[in-house]
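Structure, as structure tokens:
The values are calculated or read from the model by the stated rules, or taken from the named source; none is laboratory data. Values in this document were obtained by computation on a predicted structure and should not be read as measured data. Positions of Cβ are backbone-derived with ideal geometry, glycine not excepted, and every protein chain shown enters the neighbour counts.
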There are 2 protein chains.
Amino acid sequence: MRTFSLFFFLGLNALTHVYALWPQPKNLETGDIFIKLSPNFDIKFESDGIAEAPSDLIGAIGRTKQHLFEDRHRRLNEKRGECDLEVLQDATSISLLKLSVTKSSIEPIAVEAVKAISTRTEEYSLTLPADGSAATIVAESSLGLLRGLTTFEQLWYWLEEGQNGIVYSHQAPVVITNDKPSFPYRGLLLDTSRNFFPVKDILRTLDTMSMVKMTILHWHVVDSQSFPLEIPGYEEIAKKGAYSLEQRYTTDDVQHIVKYAAERGVDILMEIDTPGHTDSMSGAHPEHIACSKAQPWHDYAAQPPAGQLRISSQKTREWVADLFRNIAQTLPSTMFHTGGDEINMRCYLDDPQSREELAKEGFPVNDAGLNLALDQFTKVTHDALRQVKKTPVVWQEIALEHWLEHLGNDTIVTIWTNSDKAVHAINQGFRVVHAPSNYFYLDCGQGGWLGDWPNGNSWCDPFKTWQRALIFDPLEAIKPHQAHLVLGGQQMLWAEQTTPENMDPVIWPRAAASAEVFWSGALKGSDRTLLTALPRMHDLRFRMVQRGVKAITIQPYWCALHPGGCDA
Amino acid sequence: MRTFSLFFFLGLNALTHVYALWPQPKNLETGDIFIKLSPNFDIKFESDGIAEAPSDLIGAIGRTKQHLFEDRHRRLNEKRGECDLEVLQDATSISLLKLSVTKSSIEPIAVEAVKAISTRTEEYSLTLPADGSAATIVAESSLGLLRGLTTFEQLWYWLEEGQNGIVYSHQAPVVITNDKPSFPYRGLLLDTSRNFFPVKDILRTLDTMSMVKMTILHWHVVDSQSFPLEIPGYEEIAKKGAYSLEQRYTTDDVQHIVKYAAERGVDILMEIDTPGHTDSMSGAHPEHIACSKAQPWHDYAAQPPAGQLRISSQKTREWVADLFRNIAQTLPSTMFHTGGDEINMRCYLDDPQSREELAKEGFPVNDAGLNLALDQFTKVTHDALRQVKKTPVVWQEIALEHWLEHLGNDTIVTIWTNSDKAVHAINQGFRVVHAPSNYFYLDCGQGGWLGDWPNGNSWCDPFKTWQRALIFDPLEAIKPHQAHLVLGGQQMLWAEQTTPENMDPVIWPRAAASAEVFWSGALKGSDRTLLTALPRMHDLRFRMVQRGVKAITIQPYWCALHPGGCDA
């Protein structure tokens, strides 16, 4: 007969002492001394030879101070840290965090954040002494200081006492030496065409991305369903193609978003998906769109409504090239995404104008001829981007499926259908971004959205859990000498069934998983595991909620309070 | 060669003229005349021989007036109803809705709503004339009038014009004759133990349930993870078993919730799940709990932490019986749910005290003996409920798996594992509630929540779409003479991964699907289809959002504006 004496819940307390940093820093050492934040706590930038901090670094410092005193985030254990009150009576206080850079000059964060993707410096070192002397963050750049500030914010918890409560850390001294990302591209895709997201929802998302050190918002701003982007010189497209004038990003909105993002270390990679997914241009410019709203739509497009830019038309190519130039030159990023996914050949083959134009150019009127036309379309539109010093980024089909003779080797390829496609693009010498549906699609598994679909699930079932994203290995099957071609990766919010009402729960905390993979490196071969990530993920989620982000809970609250208690 | 002339998007406008009522009323006739709500519009209760309306009916009338003028819900077509402005210039105005009952007396809604489940009268008839004369709702009861008011609210749209805008219907005259539900039990289960939901979130959910004429909130208030319920005379259980004192429903909270619900036509069916799922009682009462927090938990329970009431202990049986009496007699419902799912036999067989007690009662120390003990436990606890005039409700295992000799035939059985189990309970003569995981579990398919579960999905994959719930047939495989044993059904929110942050998107609008199935009857054999339900579901979702409910969008906005445009 068994009895329970041996089975009682032992050992959980040992695990409650977690260091809840996300993403996990490299080279982290911590102690177990409690230290309080003085009510007079201040953060000062003092660096030899530099008269004053850039204004956006001053802004970042202000936000960190605000988070430190306003997060009111309590430790996740049975009494939510209440038992810490006693030891905190005698704890030392710290009143200063000093920031400095190792160079004799400093640029604004907003400048550093949008430099060419592989040239950014995010490295920082951080100390939090246990004796009350000043904490430090040292970096080469303002962007590195920002990353250090983000880490610093995650070291602190809160307890109620008196008017302002106690802000404290239980893990001093903390020493982080040369923490830096494994990959520079750590992104999130947001689709604002299937459903519209007001500016404030995008800004909140940027703040949350910054919290986990993400670097890229891949803004899939337009698609066949709507065109919510005002483009200088092409204002008529959004006027006719946005869901309404209110559901449109004006030039001022876009400028506000890219500035807000850059000050938080996030580069906006805007995408105008072409030549497919473009029916929303047909209201203002029917002359450029083939098979507009053709039925049955599934013969002509991956989604309703059908409609594609006429790649065989020289006029259309030049029009798109000019449109790209006009919008891209208003954006600080060095990259611009031109789309290129799911091009439907029948759309063109059933379009009399396209057939005529193909014949006129001397191309055969078939798939092969359309690939030649696409090569021209891509060359003309990409060259326009290069004229304004932008690197083109494309979906994988452009590199892998259409045999394009003139596709530049500078092109960056976003891999989306399946993770096993990355190596094919890399073998062609392209730089890649991992965005595979079998790991990173936030919309999968929550039901198909077509009308007559009783048992219907999504095409990319099952649901992708945060654990699924966290086990992704960016360098799997990639030869060491090609590793530099992997820029990083991103999770994706395709918004067929997402609006501001549910965007936070769909994105967070799941998207933080890839943020860690591409900062800290693959789980495999590291000293991190899913089980040690779990309490850190809980902590991150509860901190997000404190900041007004409606992040989903990943387990019953009981599990969050009892680390190890809900393992399989 | 094909061209598009034949394929252009024809015929969509014909479908935009939808009658967006949810659930679909029986015996509905509508016209296509536009009619405006007068700014002086009023709703009056005038019924022969009745001096005044019950105060909660007056409250319901007030809420309807508020919704009519504050919903600001625009029609779902390309211009969101803007084209209606012209015809509205000359439209007739209506200034009165008259309510009356066909009886010479009337009881409050809150009294009608909690009567024995099969004795409630929800039937109503409604007219909205096209000539500006008064609209009418006639019913036998205040509860019927409430259902009519809910329908009336859904007839109206809004357009901006002047200070208050125009509230109008485009479908007068409307005649609904003797609309009434096919089944009385139209429910939603909310689990407040895995994660806690503040009172305000429950109240908002009740309002939304009322909007779609739901009748039962199955409140799975406690479970092994936490015990957030203050029970008179047993206050110590929540003090030790709630996540915190703030995460607890006080007696006042409970009274507020049941009153608020009843006034909105919703009966609260409270569940204290026993004897399994009860470890949260062990803090205050370790003497009643076997295998508390035993490890490995999966040997002793379906979820961590393990812990079950000692069914072989006469003291425990009487303690639970008294606890049931104490809480049940404070509740207006005629039903009380005693749980009974997922009882783990090994928990008792490994518990020395349980083994001793079984032997003392002369029961064999094995599964068969435990079934005899469970029979006693169920008899004692159910009899206590009958003493306070409550009908016991149980999960299916109690009826189907344990061979309980004394289980009363008055017991109502909630079917949960699979829809094919209903017929087994019915064949034993029990009344059933359909709550099958293969149709109605709102939590399925969104990822497993155990710690070490990289590819893990939930046990009840795939995700259950609203369409899946809508094709459920309550009488499938049930013989006509047994149909009266089907009380209805409910969708379920098990809250392992749900908190107030994401409860609305998880529940709405999906849970409205079963609300329609059990009001309007099965889709199969009716003139409703998934495709005709789609625009009505869109309309309902957008109306919910207008009322502050964060309901998920079910398709891209483009599809909502182009009925028929996104069918598979």
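Annotation: of all residues in region B:545-557 being assigned to a helix (DSSP H, G or I) and at the interface with chain A (Cβ under 9 Å from one of its Cβ atoms), the one that is surrounded by the fewest Cβ atoms within 10 Å (Cβ to Cβ) is B:545.
Mind telling me which of the residues A:477, A:560 ends up being more than 7 Å from chain B (Cβ to nearest Cβ), assigned to a loop (DSSP other than H, G, I, E, B) and aliphatic (A, V, I, L, M)? When all the criteria are applied, what remains is A:477. Only residues that are surrounded by fewer than 17 Cβ atoms within 10 Å (Cβ to Cβ), of a type in the set (A, V, I, L, M) and over 26 Å from the mean Cα position of the chain (by Cα) were counted in region B:98-154, giving 1.
When region B:172-183 is filtered for residues that are surrounded by fewer than 21 Cβ atoms within 10 Å (Cβ to Cβ), of a type outside the set (Gly, Ala, Ser) and either on the phi < 0 side of the Ramachandran plot or not in a strand (DSSP E or B) (or both), the ones remaining, listed by number, are B:173, B:175, B:177, B:180. The number of residues in region A:378-396 that are hydroxyl-bearing (Ser, Thr, Tyr) and either touching a helix residue (DSSP H, G or I) at 6+ places or on another chain (Cβ under 7 Å) or within 14 Å of chain B (Cβ to nearest Cβ) (or both) comes to 2. Residues considered: A:273, A:252. Of these, the only one that is modelled with pLDDT of 95 or more and within 20 Å of the chain's Cα centre (by Cα) is A:273. The test for being closer than 21 Å to residue A:251 by Cβ, more than 14 Å from chain B (Cβ to nearest Cβ) and at pLDDT 95 or above holds for residue A:328. In region A:482-495 there is no residue matching the filter, namely being modelled with pLDDT of 95 or more, part of a loop (DSSP other than H, G, I, E, B) and surrounded by fewer than 20 Cβ atoms within 10 Å (Cβ to Cβ). Restricting region A:523-550 to residues that are in contact (Cβ under 8 Å) with a residue 60 or more places away in the chain and of a type in the set (A, V, I, L, M, F, W, C), the residue that is nearest to residue A:204 (Cα to Cα) is A:549. Considering only residues in region B:196-238 that are hydrophobic (A, V, I, L, M, F, W, C) and within 13 Å of chain A (Cβ to nearest Cβ), the one that is farthest from residue B:514 (Cα to Cα) turns out to be B:227.
Here's the yes/no breakdown for (1) assigned to a loop (DSSP other than H, G, I, E, B); (2) within 14 Å of chain A (Cβ to nearest Cβ); (3) within 32 Å of the chain's Cα centre (by Cα):
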site	(1), (2), (3)
B:287	no, no, no
B:304	yes, yes, yes
B:315	no, no, no
B:356	no, yes, no
B:368	no, no, no
B:376	no, no, yes
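Count of region B:242-253 residues, restricted to those that are outside any loop (DSSP other than H, G, I, E, B) and under 13 Å from residue B:192 (Cα atoms), is 1.
Comparison of A:384, A:399, A:425 shows that the only residue that is farther than 21 Å from residue A:483 by Cα and at pLDDT 95 or above is A:384. Among the conditions (1) away from chain A (no Cβ under 12 Å); (2) among the hydroxyl-bearing types (Ser, Thr, Tyr); (3) not in a loop (DSSP other than H, G, I, E, B), residue B:439 misses just one, which is (1). Any residue at all in region B:192-215 that's assigned to a strand (DSSP E or B) and in contact with a strand residue (DSSP E or B) (Cβ under 8 Å, 6 or more places away or on another chain)? No, because not a single residue in region B:192-215 is assigned to a strand (DSSP E or B) and in contact with a strand residue (DSSP E or B) (Cβ under 8 Å, 6 or more places away or on another chain). Here residue A:527 meets each of (1) crowded, with 23+ Cβ neighbours inside 10 Å; (2) not in a helix (DSSP H, G or I) with one exception, condition (1).
Quick grid of which residues meet (1) away from every other protein chain (no Cβ under 14 Å); (2) more than 30 Å from residue A:120 (Cβ to Cβ); (3) not aliphatic (A, V, I, L, M):
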{"residue": "A:266", "(1), (2), (3)": "yes, no, no"}
{"residue": "A:292", "(1), (2), (3)": "no, yes, yes"}
{"residue": "A:318", "(1), (2), (3)": "yes, yes, yes"}
{"residue": "A:340", "(1), (2), (3)": "yes, no, yes"}
{"residue": "A:344", "(1), (2), (3)": "no, yes, yes"}
{"residue": "A:348", "(1), (2), (3)": "no, yes, yes"}
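Each residue in region A:496-514 was checked for being outside any loop (DSSP other than H, G, I, E, B) and either over 13 Å from the mean Cα position of the chain (by Cα) or aromatic (Phe, Trp, Tyr) (or both), and 4 of them qualify. Please verify whether region A:540-547 includes one or more residues that are modelled with pLDDT of 95 or more, in contact with an Asp or Glu (Cβ under 9 Å, 6 or more places away or on another chain) and polar (S, T, N, Q). There is at least one residue in region A:540-547 that is modelled with pLDDT of 95 or more, in contact with an Asp or Glu (Cβ under 9 Å, 6 or more places away or on another chain) and polar (S, T, N, Q). Residues in region A:442-474 that are charged (D, E, K, R), more than 7 Å from every other protein chain (Cβ to nearest Cβ) and under 22 Å from residue B:443 (Cα atoms) were compared, and the one that is surrounded by the most Cβ atoms within 10 Å (Cβ to Cβ) is A:464. Being under 14 Å from residue A:209 (Cα atoms) and either at the interface with chain B (Cβ under 9 Å from one of its Cβ atoms) or of a type in the set (Lys, Arg) (or both) is the filter here; which residues of region A:530-543 pass it? Across region A:530-543, the qualifying residues are A:541, A:543.
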